[in-house]
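> Got a structure for you, written out below as structure tokens; questions coming shortly.
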Amino acid sequence: MMKKIIEYSKLMILIGSVLVGIQLPSLVNNYKNALNSHFLESQSTLNSYQKDADKYFNGNLNDLISYYRSSKDRVFSSGGETIVNLYNRYNNLKKYNDILKKDNIKSYWIILKNPFPEIRHEVIINYDYKITLTPRAIATGLVIGFIIALFIEFILFICISFCKRFFFKYNNKLNITK
């Protein structure tokens, strides 16, 4: 009876892992779309400052920032910091956006390891848990399910081996003392 419970538990873990894996491509796609939207928004905002730099500083945004920072007006000089922050955000979003457009395997790793926290939060809150059965989703689901099933099987094997060794040593000590 216990063997059947373990087999069904493994089967449930496999099915759950496959379902999680099927969701992964959709989640990654939503993250890519959200990142691209933030990138386009930052690009649009930065373009207005770039137009000023084109008009007054031969296109050099750093000169515009220096001009803002050197102003004696505190409000105006703090605007330089705003432009720097916007420019840095634009560059970070551009770097990630370019990477995510090129390489799918690397994009999974980047999104898992080092996502933008506000974009990750936005995607998770707005995520719709519908199952989209595309070939990529099915393949990802099967691979994730297989890897998790192997991992759990390995952990169970280690635990059972450890328990058998411990039990065997304990029984031998009892037999010797009798």
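> Read through the list (1) touching a residue at least 24 places away in the same chain (Cβ under 8 Å); (2) closer than 16 Å to N30 by Cα; (3) surrounded by 15 or more Cβ atoms within 10 Å (Cβ to Cβ), then give the number of the only condition that Y127 fails.
(3)
> Only one of I5, I105, I22, I15 is under 23 Å from the mean Cα position of the chain (by Cα), among the hydrophobic types (A, V, I, L, M, F, W, C) and modelled with pLDDT under 85. Can you tell me which?
The match here is I105.
> Confirm whether F39 is over 30 Å from F151 (Cβ atoms), out of contact with any Pro (no Cβ under 9 Å at 6 or more places or on another chain), modelled with pLDDT of 90 or more and not polar (S, T, N, Q). Quick ask: steps written out before the conclusion?
On the way: over 30 Å from F151 (Cβ atoms): yes; out of contact with any Pro (no Cβ under 9 Å at 6 or more places or on another chain): yes; modelled with pLDDT of 90 or more: yes; not polar (S, T, N, Q): yes.
Yes.
> Only residues that are free of Cβ contacts under 8 Å to residues at least 12 places away in the same chain and under 30 Å from P115 (Cβ atoms): list them for the stretch 36-86, please.
If the condition is that a residue be free of Cβ contacts under 8 Å to residues at least 12 places away in the same chain and under 30 Å from P115 (Cβ atoms), then S37, L40, E41, S44, N47, S48, Q50, N62, S78, G79, T82, N85 are the ones that fit.
> Restricting attention to the stretch 27-35, does a residue exist that is over 29 Å from I147 (Cβ atoms), among the aromatic types (F, W, Y) and in a helix (DSSP H, G or I)?
No, every residue in the stretch 27-35 fails to be over 29 Å from I147 (Cβ atoms), among the aromatic types (F, W, Y) and in a helix (DSSP H, G or I).
> Are there any pairs, at least 6 apart or on different chains, whose C-beta atoms fall under 7 Å, with the first in the stretch 103-115 and under 13 Å from L27 (Cα atoms) and touching a residue at least 40 places away in the same chain (Cβ under 8 Å) and the second not charged (D, E, K, R) and not in a loop (DSSP other than H, G, I, E, B), and if so, which?
Short answer, once both residue conditions are applied: S107/V28; S107/I99; S107/L100; Y108/V28; I111/V28; I111/Y31; P115/Y31.
> On the given criteria, is I147 touching a Lys or Arg at 6+ places or on another chain (Cβ under 9 Å), of a type in the set (A, V, I, L, M, F, W, C) and surrounded by 10 or more Cβ atoms within 10 Å (Cβ to Cβ)?
no
> I would also like to ask the following. Going through the stretch 21-35 one residue at a time, which ones are in contact (Cβ under 8 Å) with a residue 12 or more places away in the chain and over 16 Å from L142 (Cβ atoms)? Full working, then the answer.
We begin by selecting, within the stretch 21-35, every residue in contact (Cβ under 8 Å) with a residue 12 or more places away in the chain; these are 21-28, 30-32, 34-35.
Within the stretch 21-35, L27, V28, N30, Y31, K32, A34, L35 qualify.
> Of the residues L27, L61, which is modelled with pLDDT under 95 and either of a type in the set (D, E) or closer than 28 Å to R120 by Cα (or both)?
L27
Quick grid of which residues meet (1) surrounded by fewer than 16 Cβ atoms within 10 Å (Cβ to Cβ); (2) under 30 Å from I131 (Cα atoms):
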position: S48; (1), (2): yes, no
position: N60; (1), (2): yes, no
position: L64; (1), (2): no, no
position: R74; (1), (2): yes, no
position: Y87; (1), (2): no, no
position: N97; (1), (2): no, yes
position: L100; (1), (2): no, yes
position: L112; (1), (2): yes, yes
position: E118; (1), (2): yes, yes
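> On the basis of being acidic (D, E) and under 30 Å from G141 (Cβ atoms), does D63 make the cut?
no
The values are calculated or read from the model by the stated rules, or taken from the named source; none is laboratory data. Keep in mind that what you see is a predicted model, and the values were worked out from it rather than measured. Virtual Cβ from ideal backbone geometry, glycine too; neighbours counted across all protein chains shown.
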